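Student: Have a look at this one.
The values are calculated or read from the model by the stated rules, or taken from the named source; none is laboratory data. Computed from a predicted structure; not experimentally measured. Using ideal geometry, Cβ is built from the backbone for each residue, glycine included, and neighbour counts are taken over all protein chains shown.
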């Protein structure tokens, strides 16, 4: 993300489900910040700014996190590691942030976005997306927001594999097998119902 987002959180001393419920009634979301150094800091954050940040940054984009405790504060580059959602309202009910070192590589999953009209669909093929996100490893600020795949020239019964895709410098895909990410498949041939043979009636004795 070229212009990093910012988010303020407040350290909380109380823990437990009861405290979390009280926070949510105030439109605050409970969460935990942690990093490779072993820090584990419970916090609360305003719901609306958090929802906006998640919509923009997802799980892969670095943002500047300001951790406030009483009259002190510090900033730390971080990513959203995990989110939990309210089962009915669909809003974030809990969040985990992970502090990153901008000079050290991290592993994250980034979404796939397909653009263009595949050549094979013009002749009746069906575009199939086999993976909607891919794992990458790289320096935090070099990791793209999404992987854009142009399928314009993809013909019928052809696939694009992970080795066919490109990434910015300092970022690599994580994979063992060269699996297909997107392809154009032949439409399923619908089975025609078999005609039933007429049943000969047996004359009554």
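Student: Looking at segment 86-99, which of its residues are in contact with a strand residue (DSSP E or B) (Cβ under 6 Å, 6 or more places away or on another chain) and closer than 19 Å to residue 27 by Cβ?
Tutor: Of everything in segment 86-99, those that are in contact with a strand residue (DSSP E or B) (Cβ under 6 Å, 6 or more places away or on another chain) and closer than 19 Å to residue 27 by Cβ turn out to be 86, 92, 93, 94, 95, 97.
Student: If the Cβ limit is 7 Å and pairs must be 6+ apart or interchain, which residue in segment 18-35 that is free of Cβ contacts under 8 Å to residues at least 60 places away in the same chain pairs with which residue that is assigned to a helix (DSSP H, G or I)?
Tutor: Short answer, once both residue conditions are applied: 27/47; 28/47.
Student: In addition: Limited to segment 142-167, what total is found for residues that are assigned to a loop (DSSP other than H, G, I, E, B), surrounded by 12 or more Cβ atoms within 10 Å (Cβ to Cβ) and under 20 Å from the mean Cα position of the chain (by Cα)?
Tutor: The qualifying residues number 6.
Student: Out of the residues in segment 122-140 that are surrounded by 16 or more Cβ atoms within 10 Å (Cβ to Cβ) and more than 17 Å from the chain's Cα centre (by Cα), which is farthest from residue 100 (Cα to Cα)?
Tutor: Per the stated criteria, the residue is 125.
Student: Going residue by residue through segment 89-110, is there one that turns out to be more than 27 Å from residue 41 (Cα to Cα), outside the structural domain of residue 58 (by TED's automatic domain parsing) and without any contact (Cβ under 8 Å) to a residue 60 or more places away in the chain?
Tutor: no
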